[in-house]
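Report on the following structure.
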Amino acid sequence: MQTAPDLALLLARFQFAFTVGVHIIFPAFSIGLAAYLAVLEGLWLKTGRQVFLDLYRYWIKAFSIVFSMGVVSGLVMSYEFGTNWSVFSKKAGPITGVLLSYEVMTAFFLEAGFLGVMLFGMNKVGRGLHFAATCCVSVGTLISMTWILASNSWMQTPRGYTIDPATGRFMPDDWLAIIFNPSFPFRLVHMGLAAFLSVAFVVGATGAWHLLKARRVGATAREPVRVMFSMAMWMAAIVAPLQILAGDAHGLNTLKYQPVKIAAMEGDWETEGRASELLFGIPNMKTERTDYAVKVPLLGSLILTHSLDGKVPGMKDFPRDQRPPSPVIFFSFRIMVALAMLMALVGFWSLWLRRKGALFTSPFFHRVAVCMAPAGFIALLCGWVTTEVGRQPWTVYGLLRTSESVSPIVLSSMAVTMTAFVVVYVIVFGSGLVILLRLLGRAPEEGEHNASPAHAADVLATHTHPGIAGPIPGEGA
Amino acid sequence: MMDFAYWLPIVWAVILVAAITIYVILDGFDLGIGMLFALERNQGRRDVMVNTIAPVWDGNETWMVLGGAVLYGVFPGAYATLLPAFYLPIVLMLLALIFRGVSFEFRIMTRGTAREALWEVGFMAGSGIAAFSQGVILGGVIQGIAVTNGEFTGGALDWLTPFSVLCGLAVMCGYALLGATWLVWRTTGVLEASCRKWAAWLAIGLFAGIVAVSLWTPLLHAPYLRRWTDWPNILFVAPVPVLVVVLGALLAMGLRRGHSRVPFLCALGWFFLCLSGLGITVWPYAVPPSLTLWDVSSPPSSQFFQLVGTAILLPIILTYTIYSYRVFRGKVTEADGYH
């Protein structure tokens, strides 16, 4: 029988997971897309080729939608630490709150300050300055990622603090140790690559969609479509294998600092050398065994320790009340890995097609690429579920329990707000998705709106510059 | 170290109040413009209203993120008690700001479809509800919350009182005034003329609100009353109400004589005075009526590290924020979208 406080805790966790899960999609999207836009504008300035400007104009519309959804969903996060996790905030705020403040001051203002110029300013500032604004926004998204991952990694592998015996607060001793804590570099690289890869697959799917559409009417796809598809597939071919290497390194790091998380991800109960890898299974936290296991001998040790007889931890080595829920992360981890393999496969496939000169003429491959549109984001979410559920039952690893971090909010309030969050998020972000799909469903055109480069800003601005009435230009009535 | 522990919270209190003031002023006119949608039905003129803030609203809202983050890092004791205490109005405000924020893009992207109305209303209602919630939270902080051993121990609806509702309405009125005077400055023609008319009524409403809140506040807690009536405090605080009246007269004059910037600057002055008056009243409490700034502070090692960064970054932020405002300066007209 669950008591009201237990349920309130569960709802507090679910609410935070829901809001942060929706939120993380948008910053990841912005990180990748802002970098892509900076590259496109840079290429346009360098080569003067119209196609890069066309693509810039095409993707900046999506960017403005995605970015605004990131801003509003992120605002929620900066207050939710206090509303849902007040005890955690009070104890860890001297560290995590300061890191968040640095994020706001070094990243959010930079992005917000130059976003206006980027979206509306091309005819008000020079080309060079406009490019600088795009770069500032892109760099801002990267700085933002750096701080928030420093903060998250500190919660996973805390360093550089002492605990004040009187209040139980975490007192910062060494800020460099706090920021550059042991899991931070791995998490940062893994997340950065994930953002780039996610966007590469969205761009690739958009290109593939328009290649297929052109083919259906017996036409050749326009140059912007081919260029974006090609660029995206280069990214897939290069970044997906890199991401697998980065993920592997991150896994070794986790094995060292959070072995029970690894045991739960793998569904392993006994510590053993020459461990097998479970391809499938249903971990049972009560009976302490993994049912229906499908095993590959030795592979577990090989993956986790890079040697055949390396020791792999089991959950039984850890007290019951310190084990994360294995059934959740066993699957989230496997889905992530499977998608990573698929993405790498698509990347290699594209290289092979490119060599054959068939990259733009392989409808089956294009269909696969369309289906892979959400692959990066699903993998990213599964990765976050793995690492966040896997560090339970702690907020600050090994030091502060989740159950001791929660705010004194009554169940009825939690239930009301949870309902409100779900309703509003479904309406707002559901609509955002529909708008985004409509935007991307329209193909980028060569020299769309007949715009000369000097005239580009007016065209750029049209999507949010409401002076032009009627549907979005080029949308086709 | 003892000195540090005494001075750092004071320095941070000043920075935090400054950040809140900047937020209230900047996002105040954004939210005010959202509310004024209720009075302006013409789509072309609504577009002009939005165009005056579209390039800057995101930066304006960032000051609120800064406020939350600074509270979290520098005064975690306040962050951890105020946010649970105002849980419902805070969530309401955040959800309202979500609607407001996405409506900038969505109302254009859905133009000509059935869903356009949703985002027009979302922009208006989101702005109004966010403003009201902020006022209610402000009123709730002034009237104080129940705290035992540094934790919030009151009820979920403690914040809901006639006083906090009055503050909510006053803030709505004030933001709408900021929005109207901003539009007087930044637009022309019919819209500017309407805004002058609205601004006059809103100024009367806000003045009444300021008077009511100012008379009510000292009655909430005895120390508040003493702050304003004891000798020699009265010498330092007396100019505040006098200046409020002077600015009100200037505002009325500016509106009538067709000045373009004076009304907005006067409205800013009112907000500045109100927030200063508020600061004077609750000082030195961070969570009235029980926790002082020092009770809720993070250790000096946190506050100092953050202060170093702030001292370097805040001037840079202000510089490029001003730059970005300058890029989009000047009157905005309906023709602007058409070049």
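The values are calculated or read from the model by the stated rules, or taken from the named source; none is laboratory data. All figures in this text were calculated on a predicted structure; none of them were measured in a lab. Cβ coordinates were reconstructed from backbone atoms using ideal geometry, including for glycine residues, and neighbour counts include every protein chain displayed. Heads up: the accessible areas ignore ligands, DNA and RNA and are worked out on the full protein's heavy atoms, side chains in. Shrake-Rupley method; radii C 1.70, N 1.55, O 1.52, S 1.80 Å.
With a 10 Å cut-off around each Cβ of A:113-125, the average count of Cβ atoms from other chains is 5. Geometric descriptor of the stretch A:201-312, per residue, is 149 Å³ (volume of the convex hull of the Cα atoms). Rolling a 1.4 Å probe across the protein heavy atoms gives the stretch B:180-238 an accessible surface of 54 Å² per residue.
The mean count of C-beta atoms from other chains within 10 Å of the C-beta of residues in B:294-302, rounded to a whole number, is 5. Rg/Rh for the stretch B:181-333 stands at 1.07; both radii use Cα atoms, and Rh follows the Kirkwood definition.
Normalised by residue number, the volume inside the convex hull of the Cα atoms of chain A is 170 Å³ per residue. In degrees between 0 and 90, to the nearest 10, how far off the longest principal axis of chain B does helix B:57-74 point, with axes built from Cα atoms? It works out to around 10 degrees. For A:K256 and A:L142, a Förster radius of 22 Å and the Cβ-Cβ distance give a FRET efficiency of 0.25, rounded to the nearest 0.05.
Mean separation of Cα pairs under 8 Å and 6 or more residues apart, divided by the residue count, gives the stretch A:31-174 a relative contact order of 28 percent.
Counting Lys and Arg as +1 and Asp and Glu as -1 over every other residue whose Cβ lies under 11 Å from the Cβ of A:S68, the net charge comes to -2. Classify the stretch A:13-93: rounded, prolate or oblate, from the alpha-carbon gyration tensor (a ≥ b ≥ c, eigenvalue square roots; a/c under 1.5 rounded; otherwise prolate if a/b is larger than b/c)? Cα axes put the stretch A:13-93 in the prolate bin. Entry note: the stretch A:1-135 has Rg to Rh equal to 1.13, where both radii use alpha-carbon atoms and Rh is the Kirkwood radius. About its Cα centre, the dipole of chain A is roughly 920 debye, where the only charges are +1 on Lys and Arg Cβ and -1 on Asp and Glu Cβ. Here the stretch A:114-142 and the stretch A:325-353 have alpha carbon centers that stand 35 Å from each other. When each of the peptides A:181-188, A:383-390 is scored by the mean number of other C-beta atoms lying within 10 Å of its residues, the order from highest to lowest reads A:383-390, A:181-188.
Applying D = kT/(6 pi eta Rh) to the stretch B:132-269, where Rh is the Kirkwood radius over alpha-carbon pairs, T corresponds to 4 °C and eta to 1.567 mPa s, the Stokes-Einstein value obtained is 78 µm²/s. Of the complete DSSP H runs in chain A, those spanning 27 angstrom or more by Cα along the long axis with a mean Kyte-Doolittle score not below 1.6 are A:411-441.
Extending 7 Å from the Cα toward the beta-carbon at both B:W231 and A:K356 defines two label points whose distance is 9.8 nm. The heavy atoms of B:T333 offer some 50 square angstrom of accessible surface to a 1.4 angstrom probe. Ranking B:G34, B:S290, B:L92 by how far each Cα lies toward the positive end of the dipole of the stretch B:4-328 (charges on Cβ) leaves B:G34 at the top. Under the criterion of Cα pairs below 8 Å and six or more residues apart, the relative contact order for the stretch B:4-328 equals 24 percent. Once the Cβ-Cβ distance of A:T167 and B:A156 is raised to the sixth power relative to R0 = 25 Å, the FRET efficiency obtained is 0.40. Quick check: net charge around B:W57, other residues with Cβ under 12 Å of its Cβ, Lys/Arg +1 and Asp/Glu -1? In short, -4. Work out the FRET efficiency for A:D6 and A:D317 from their Cβ-Cβ distance, taking R0 = 25 Å, and round it to the nearest 0.05. Efficiency for this residue pair is about 0.35.
On a 0 to 90 degree scale, rounded to 10, what angle separates helix B:87-109 from the longest Cα axis of chain B? Taking the Cα atoms of chain B, the angle to B:87-109 is about 20 degrees.
Per-residue surface analysis assigns A:F196 an accessible area of about 60 Å², computed on protein heavy atoms at 1.4 Å probe radius. For the listed peptides B:70-80, B:32-42, A:402-412, a ranking on the average number of other beta carbons within 10 Å per residue, highest first, reads B:70-80, B:32-42, A:402-412. Straight-distance candidates among the aspartates and glutamates for linking to A:K356, with alpha-carbon spacing under 20 Å and chain neighbours fewer than 8 residues away dropped: A:E223.
Here is the interface size for A with B: some 6900 Å² of accessible area buried, both sides summed, with a 1.4 Å probe. Taking a straight Cα-Cα cut-off under 17 Å and skipping sequence neighbours fewer than 8 places away in the same chain, the aspartates and glutamates within cross-link reach of A:K311 are A:D248, A:E266, A:D268, A:E270, A:E272, A:E277.
If you wrap the tightest convex hull around every Cα atom of the protein assembly as shown and split its volume per residue, you get 165 Å³.
Modelled spin labels at B:V17 and B:I312, positioned 7 Å past Cα toward Cβ, are 2.8 nm from each other. Counting only other chain Cβ atoms within 10 Å of each residue's Cβ, the peptide B:111-123 averages 2. When nucleic acids and ligands are ignored and a 1.4 Å probe is applied, B:Y87 ends up with an accessible area of around 10 Å². The portion of the accessible surface of the stretch B:4-328 made up by carbon and sulfur, rounded to a whole percent, is 75 (1.4 Å probe; DNA, RNA and ligands excluded).
Normalising by the residue count of chain A, find the relative contact order in percent from Cα pairs under 8 Å and 6+ residues apart. It rounds to 21 percent for chain A. Average projection, convex hull of the Cα set of chain B: 18.1 square nanometres.
Considering helices alone, the calculated mean residue ellipticity of the protein assembly as shown at 222 nm is -24500 deg cm²/dmol, with DSSP H runs of length four and up weighted by -39500 (n - 2.57) and normalised per residue. Taken as Cα centroids, the stretch A:60-78 and the stretch B:266-285 sit 32 Å apart, rounded to the nearest whole angstrom.
If you take the square roots of the eigenvalues of the alpha-carbon gyration tensor of the stretch A:264-307 and sort them as a ≥ b ≥ c, do you get rounded (a/c under 1.5), prolate (a/b over b/c) or oblate? Because a/c hits 1.5 or more and a/b exceeds b/c, the stretch A:264-307 counts as prolate. Helix B:162-186 and the longest principal axis of the Cα set of chain B meet at an angle near 40°.
So, counting K/R as plus one and D/E as minus one, what does the shell of residues with Cβ under 12 Å around B:R196 add up to? Net of charged neighbours comes to +2.
What you get for the protein assembly as shown, charging only the Cβ of Lys and Arg (+1) and of Asp and Glu (-1), is a dipole of about 1640 debye around the Cα centre. For chain A, build the charge dipole from Cβ charges (+1 Lys, Arg; -1 Asp, Glu) around the Cα centre, then report which of A:L142, A:L381, A:A62 sits farthest towards its positive end. Going by the Cα projections, it comes out as A:A62.
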